[in-house]
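Worksheet: the structure to be examined is printed underneath.
The values are calculated or read from the model by the stated rules, or taken from the named source; none is laboratory data. Here the structure is a predicted model, which is why all the values come from computation and not from measurement. All Cβ positions, even for glycine, are placed from backbone atoms using ideal geometry, and neighbour counts span all protein chains on display.
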Amino acid sequence: MSSYNYIIKYIIVGDSGVGKSCLLIQFTDKRFNAGRELTIGVEFGTRFISVDDKQIKLQIWDTAGQESFRSITQSYYRGAAGALLVYDISRRESFEHISTWLADVRRHANPHTTIVLVGNKSDLDESKRQVTSEEAERFAKENGIALFLETSAKSASNVEEVFVKTAENVYEKIKSGEFTSNETSGIRLGPVQKSSLSEETQGGACC
Amino acid sequence: MYSSFEIPGVLTRSQKALVRGWWKKVTAAHPKAQNFKEMKVPSVDKGVFGIPLAQSLEYAHSSISYIDDHSGSQCYGVVPTIVAKCGSFLKEEGIMVEGIFRLPGNARRLRILQTIFDTPATYGSQLDWRGYTVHDAACILRRFINYLPEPVITLANYRPFKETIDQKFSSINEKVDAFQVLIEKLPLPNQYLLLYILDMLAIFVTTTRYTRMDIDCLAAVFVPGILSHPDDKLNPSSYKHSQKVLRFLIDHQEMFSMPRSEAGLGTPPSKASPAPPTNQGLHRAATTVKKGLHASNGLDQTSYDNADHRASAIYSLATGSFSGTGLDSIVPGEDDDDGDDNYNSNSPTPITTTSRAQLRRSRTLPGNRISYSRYEPRQVVYVNRNASQSGS
């Protein structure tokens, strides 16, 4: 499919082992593989979705959670229109570290980036839960995070929603003019949009 | 699968008091340490994080000892205190823990650990691991390595290591020999550190089914600190290439030699170590190794037939209190010795045949502990390299 209106860039960040790569693979390939290898640096996935009748190509950068890869991953924050901050609901520490990840994203991404809090592994037994959804919800509100969802990359629960709702939020910002399409905002125009809008957006669009 | 240390964030009242007391002392001695929140550089003048290896080793090291295969004599080397300290704890408590080396430690406790290991005069050698998790230890160890100004395989040797992995050799032995030559080009402290880490990782490879950390994962985790280069910093494929190298090194670690005895640094620990092990400790450790050799003879013999000239055994003596239930609590078939601190110096920790068979590398299982009472708490750490060979 080459006829799309926008390319939107996402990044997925969070502690290692919270399921970032699994979320991406569930979203792009609709499969779950628990024994997946460790992400080195960054990996990349794409999928087309439609929002408000517009075709959107999501370009998703899945980053390594390892501290030692921080320098390489941070270089990908720049120009992300959406940022998924992922923690593991069964590991309290991964939630406590979210504030660090949030600060990182705010420092390296751009001010309009749609930030979404994702509590993964919701399929686990309630007895393993170490972070309540109320607490995470509150954290999201207090920190100006647009959206909070609990997901399961394993059962696919809410995975689609997380990526799509993020795109909707970004798209709202595009419509309201908060985002302009250029390299640093993480939004680029697709070929369709480009030809129809080429008069007004000179040079803003990118290959 | 969590060890008894896995109670996140829970400290008893007395432990909290200890931490507070310690923290008061630290901040009094080093006012700068008070604003340690964004601590990425050493908070003290003579720290270890971010300091060249050779430099920090001067004041913060643990001795390792091994038998030189050529001369048969006992040699001594050094690894940073933090490495010996974390390494022994991890080998004792972490080898069955899912996600070990992958899952991050607690950020707050990591800051405390970093300060402890950065602080003279003991540099954490007396650290009691109670209240910390194995993930804390794994993480602070990796951070130490990652913060070294140069990777363990120094920048000048980066390309040769990467090129060698792609070269065609007629046999594995030749390839190993080629890497051996490269390893010997590293500064001596780096050789010790590299071989220590390889040995440790090889142990963890044997328990992949519990940890779900296979050799590729383990290699990936250590690539940035061991084999990376600023030129390739932003290039994921170069990390993957380095991962291949590290994988090979871990896979064949028993075939690499420790530095020869004439290589220098042959100072017995009693001279150089800030907290020298007693004679009893040395004697004890030596006995332990012999026992290990004997026990593993025949188990791994066949696989190492070609490596009879290789190094035999290294073990390190590090001081510091240790308080774990160790493997005895997780390996089935172990004697029920629940007393954390009551190991009797005269009766070795029983390691049963069951656990040996299960773990294959029996010789790297936790060693006999010396009595903790009366004198300084002490632990014996030993890492054997290709132990089956030196028995021959």
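Within region A:132-148, does at least one residue satisfy the condition of being among the hydroxyl-bearing types (Ser, Thr, Tyr), within 26 Å of residue A:48 (Cα to Cα) and not in a helix (DSSP H, G or I)? Looking for residues that are among the hydroxyl-bearing types (Ser, Thr, Tyr), within 26 Å of residue A:48 (Cα to Cα) and not in a helix (DSSP H, G or I), one finds none in region A:132-148, hence no. For region A:83-104, the set of residues classified as closer than 16 Å to residue A:142 by Cβ and outside any strand (DSSP E or B) consists of A:95, A:96, A:98, A:99, A:100, A:101, A:102, A:103, listed by residue number. Out of B:137, B:121, one residue alone is among the small types (Gly, Ala, Ser), away from chain A (no Cβ under 14 Å) and not in a loop (DSSP other than H, G, I, E, B). It is B:137. Do you know which residues across region A:114-130 are surrounded by 14 or more Cβ atoms within 10 Å (Cβ to Cβ), away from chain B (no Cβ under 12 Å) and part of a loop (DSSP other than H, G, I, E, B)? Once the filter is applied, which keeps residues that are surrounded by 14 or more Cβ atoms within 10 Å (Cβ to Cβ), away from chain B (no Cβ under 12 Å) and part of a loop (DSSP other than H, G, I, E, B), region A:114-130 yields A:121, A:122, A:123, A:124, A:129. The residues on offer are A:31, A:70, and the sole one that is at pLDDT below 90 and among the basic types (Lys, Arg) is A:70.
Across region B:113-124, the number of residues qualifying as buried (at least 24 other Cβ atoms within 10 Å of the Cβ) and either out of contact with any Cys (no Cβ under 9 Å at 6 or more places or on another chain) or closer than 16 Å to residue B:55 by Cα (or both) comes to 4.
Among the residues of region B:61-99, write down those that are within 14 Å of another protein chain (Cβ to nearest Cβ) and at positive phi. Hit for region B:61-99 is B:99, nothing else.
Looking at region B:104-112, can you tell me whether even one residue there is buried (at least 22 other Cβ atoms within 10 Å of the Cβ) and touching a Leu at 6+ places or on another chain (Cβ under 6 Å)? No: zero hits.
Scan region A:97-113 for residues that are more than 25 Å from residue B:105 (Cβ to Cβ) and either loosely packed, with under 14 Cβ neighbours inside 10 Å or at pLDDT 95 or above (or both) and jot them down. Answer for region A:97-113, where residues must be more than 25 Å from residue B:105 (Cβ to Cβ) and either loosely packed, with under 14 Cβ neighbours inside 10 Å or at pLDDT 95 or above (or both): just A:111.
Filtered by the rule that a residue be more than 17 Å from residue A:23 (Cα to Cα), of a type in the set (Gly, Ala, Ser) and crowded, with 18+ Cβ neighbours inside 10 Å, region A:52-96 gives A:68, A:79, A:80, A:81. For residue B:178, the test of being within 16 Å of residue B:250 (Cβ to Cβ) and assigned to a helix (DSSP H, G or I) is failed.
Per-residue answers, yes or no, for (1) hydrophobic (A, V, I, L, M, F, W, C); (2) in contact with a Phe, Trp or Tyr (Cβ under 9 Å, 6 or more places away or on another chain); (3) on the phi < 0 side of the Ramachandran plot; (4) surrounded by 18 or more Cβ atoms within 10 Å (Cβ to Cβ):
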position: A:144; (1), (2), (3), (4): no, no, no, no
position: A:148; (1), (2), (3), (4): yes, yes, yes, yes
position: A:173; (1), (2), (3), (4): no, yes, yes, yes
position: A:177; (1), (2), (3), (4): no, no, no, no
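The set of residues in region B:219-245 being within 13 Å of chain A (Cβ to nearest Cβ), of a type in the set (A, V, I, L, M) and over 19 Å from residue A:43 (Cβ atoms) consists of B:226, B:227.
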